[in-house]
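Derivation of every value follows stated rules applied to the coordinates shown; laboratory data play no part. Since this is a predicted model, take the numbers as computed values, not measurements. Neighbour counts run over all protein chains shown; Cβ positions are idealised from the backbone, glycine included.
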């Protein structure tokens, strides 16, 4: 994680269903921050639909995660979702209390439930970075994931096998690793079930592509733009 967080990366993806471009996804680690007296990292993803698609309409959701950087595996401390197109901020929120081994779940600012917590966990969003730590290895993992007020798991198998693939974000084909998994959750836009994901074979294991099932059917998410710059003043006391 320390090596990944040396860089400020901005990822932009196209989401396609059959011949339709449904919208775009943009993810970045915005900055380090402080929450409840603890220094954390803030990751943000924006999902914006193409309103010209008749069966989609206008959708804009922002996903936020405050996570802990550790010497081994990161874990979420706070997650919330803003339903921007409907002006619903904090539409859902998960507070991960590892001391009490509990996840406090609320919707629209109102407490909903308290769920059991054990080990490094996420509300699904942190899988974006978590998966990079295992890509290109033979290690499998099962990540506890809290979605829709319930606890589930995302199981992933990784491989060291490589293949060449082309992406608009790069000038030439690049070497990739592929991972396969099964999401035992009911995630955003109906994401669940089996999926595949591709990562660059370079040191940063850039997330390049995913094939997944959502409420509409099977979609393909592909990287169309990638920017990075080295962060300044990473030495925090």
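General observations
- Calculated over the chain, the projected area of the Cα convex hull averaged across directions stands at 13.2 nm².
- Between residue 101 and residue 203, the FRET efficiency estimated from the beta carbon spacing at R0 = 41 angstrom works out to 0.70.
- A crude spin-label estimate for the pair residue 52 and residue 186, with each label 7 Å from Cα along the Cβ direction, gives 3.4 nm.
- Sorted fewest first by neighbouring Cβ atoms within 10 angstrom, 1, 232 come out as 232, 1.
- Between residue 34 and residue 196, the contour length at 0.36 nm per residue exceeds the Cα-Cα span by 54.9 nm.
- Ascending count of other beta-carbon atoms within 10 Å, so fewest first, for 205, 100, 222: 100, 222, 205
- The fewest-to-most ranking of 18, 159, 131 by surrounding Cβ atoms within 10 Å reads 18, 159, 131.
- Annotation for region 74-95 versus region 182-237: alpha-carbon center distance of 19 Å.
- Taking each residue as 0.36 nm, the span from residue 224 to residue 171 lengthens on full extension beyond its C-alpha to C-alpha distance by 18.0 nm.
- Sum of -39500 (n - 2.57) over DSSP H runs of 4+, divided by residues of the chain (222 nm, nearest 500): 0 deg cm²/dmol
- Between residue 157 and residue 213, the C-beta separation translates, for a Förster distance of 25 Å, into a calculated FRET efficiency of about 0.90.
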